[in-house]
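Asker: Below is the structure I would like to discuss, written out as structure tokens.
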Amino acid sequence: MGQFEKISEHIWIMHAEHDTDRPIIAAIAGERRTLMLDGGNSALHAQQFKEYLVAQGVRLPDLVVLTHWHWDHSIGVHAWNIPIISHSETAKVLTDLKKIEWTVAALEFLSKDEIINDESMGHILKEYGDPSSIEIAVPDVLFQNNLLIELGGVTCEVLHVGGDHASDSCFVYVNEDSVLFLGDALAPSVYGGPRKYTSSGFLKLMSIMHQFNAEIFIESHGVPTERKQFLEEIGAWEKLAQLVENYQNNSDFILKELAGSSI
Ligand SMILES: [Zn+2]
């Protein structure tokens with residue numbers, strides 16, 4: 001798998017890189033406008049994707065939408081120097097983060113305060129070396145529930161879904177390509193104490209996900225996956241969450257049910 005890929009008629013992506021926790025970033029190009037999905041984790045990350053888009057002859061992004069505030073999705077966004085669209089809660093967190101003077105001590109403080117964690121701190125230091133070059137951009141266009149973005153023959157729906165991972169998480173559905181970007185929404189919480197999932201939160205996300213008739217599903221730190229495979233894989237988790245929901249925390253019942261099934 002290369003670093004970059006055109007995954008459907010209107011979508012080009014830069015694949016996730018786990019070394020410094022870079023998520024997938026994408027350009028969705030319509031006839032009039034190109035929408036960037038997430039900003040990247042640094043200006044370097046953004047620059048590498050920009051060079052690829054230029055080489056491919058793709059119109060450079062006019063707008064960028066953030067799936068949630070987490071550093072790896074948002075810190076690179078300033079480098080695009082274009083209007084930033086986000087959920088209002090994403091904007092609120094980034095407005096607070098903009099006040100920080102970025103030093104190693106500041107990162108340690110954020111980690112101690114569980115706003116980020118030690119793993120993220122390590123990734124930030126590896127991506128940046130010196131964190132003083134971190135620049136936070138504040139979003140320009142805010143929404144509460146959902147938003148349609150018309151790019152010229154391509155419509156993207158941005159939908160606030162929340163969940164355990166980050167309460168500002170959004171899905172982005174590219175209608176004409178039947179591609180659903182899930183951000184990190186299906187992942188467990190990573191900040192604010194030990195990682196955790198709630199069955200009700202996960203099942204709510206599943207019911208929203210099933211409302212989109214997507215052919216390709218994209219989790220930010222995974223790889224784009226075709227419908228059949230994705231639903232099979234996520235179906236195992238969905239079943240487990242349903243069991244937890246049905247039997248609450250009665251692990252004997254849950255284990256018994258699991259033993260009788262294929263997951
Ligand atoms: Zn995240």
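Asker: Please pick out the residue among SER178, SER189, SER207 that is among the hydroxyl-bearing types (Ser, Thr, Tyr) and out of contact with any Phe, Trp or Tyr (no Cβ under 9 Å at 6 or more places or on another chain).
Answerer: So the residue among SER178, SER189, SER207 that is among the hydroxyl-bearing types (Ser, Thr, Tyr) and out of contact with any Phe, Trp or Tyr (no Cβ under 9 Å at 6 or more places or on another chain) is SER207.
Asker: So which residues in region 136-164 are over 14 Å from LEU66 (Cβ atoms) and either within 16 Å of the ligand (Cβ to nearest atom) or small (Gly, Ala, Ser) (or both)?
Answerer: The answer is GLY152, GLY153, GLY162, GLY163, ASP164.
Asker: Are there strands (runs of 3 or more DSSP E) fully within region 1-61 with at least 1 residues that are of a type in the set (Gly, Ala, Ser) and open to solvent by less than 40 Å² (accessible area, probe 1.4 Å)? List them.
Answerer: In region 1-61, 4-8, 25-29 are the strands (runs of 3 or more DSSP E) which contain 1 or more residues that are of a type in the set (Gly, Ala, Ser) and open to solvent by less than 40 Å² (accessible area, probe 1.4 Å).
Asker: Specify which of the listed residues (LEU243, LEU258) is modelled with pLDDT of 85 or more and more than 26 Å from the chain's Cα centre (by Cα).
Answerer: Answer to the selection: LEU243.
Asker: Then there is this: Go through region 107-128 residue by residue and tally those that are assigned to a helix (DSSP H, G or I) and open to solvent by less than 20 Å² (accessible area, probe 1.4 Å).
Answerer: 5
Asker: Can you work out which of the residues in region 180-204 that are within 24 Å of ILE11 (Cα to Cα) and within 16 Å of the ligand (Cβ to nearest atom) is modelled with the lowest pLDDT?
Answerer: Across region 180-204, the extreme among qualifying residues is ALA187.
Asker: From ASP72, ASP19, grab the single residue that is touching a residue at least 12 places away in the same chain (Cβ under 8 Å), within 16 Å of the ligand (Cβ to nearest atom) and charged (D, E, K, R).
Answerer: Being touching a residue at least 12 places away in the same chain (Cβ under 8 Å), within 16 Å of the ligand (Cβ to nearest atom) and charged (D, E, K, R) holds for just one of ASP72, ASP19, which is ASP72.
Asker: Something else about it: Output the number of residues of region 178-200 satisfying the condition of being over 19 Å from LEU94 (Cα atoms) and open to solvent by 20 Å² or more (accessible area, probe 1.4 Å).
Answerer: 11
Asker: Of the numbered conditions (1) assigned to a helix (DSSP H, G or I); (2) surrounded by fewer than 19 Cβ atoms within 10 Å (Cβ to Cβ), GLU101 satisfies every one except a single condition; which is it?
Answerer: (1)
Asker: Still on this structure: I need the full set of residues from region 186-232 which are closer than 15 Å to ASP164 by Cβ, assigned to a strand (DSSP E or B) and out of contact with any His (no Cβ under 7 Å at 6 or more places or on another chain), in order please.
Answerer: LYS196, GLU219
Residue-by-condition table, conditions (1) more than 20 Å from the chain's Cα centre (by Cα); (2) among the polar types (S, T, N, Q):
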site: ALA91; (1), (2): no, no
site: THR103; (1), (2): yes, yes
site: ASN117; (1), (2): no, yes
site: LYS126; (1), (2): yes, no
site: GLY153; (1), (2): yes, no
site: CYS156; (1), (2): no, no
site: HIS165; (1), (2): no, no
site: SER200; (1), (2): yes, yes
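The values are calculated or read from the model by the stated rules, or taken from the named source; none is laboratory data. Just so it is clear, the model here is predicted, and its values are computed rather than measured. Because the Cβ atoms are built from the backbone with ideal geometry, glycine has one as well, and the counts that use them run over all protein chains shown. The protein model used for the area step is the full one, side chains on, heavy atoms only, and it has no ligands, DNA or RNA in it. Shrake-Rupley method; radii C 1.70, N 1.55, O 1.52, S 1.80 Å.
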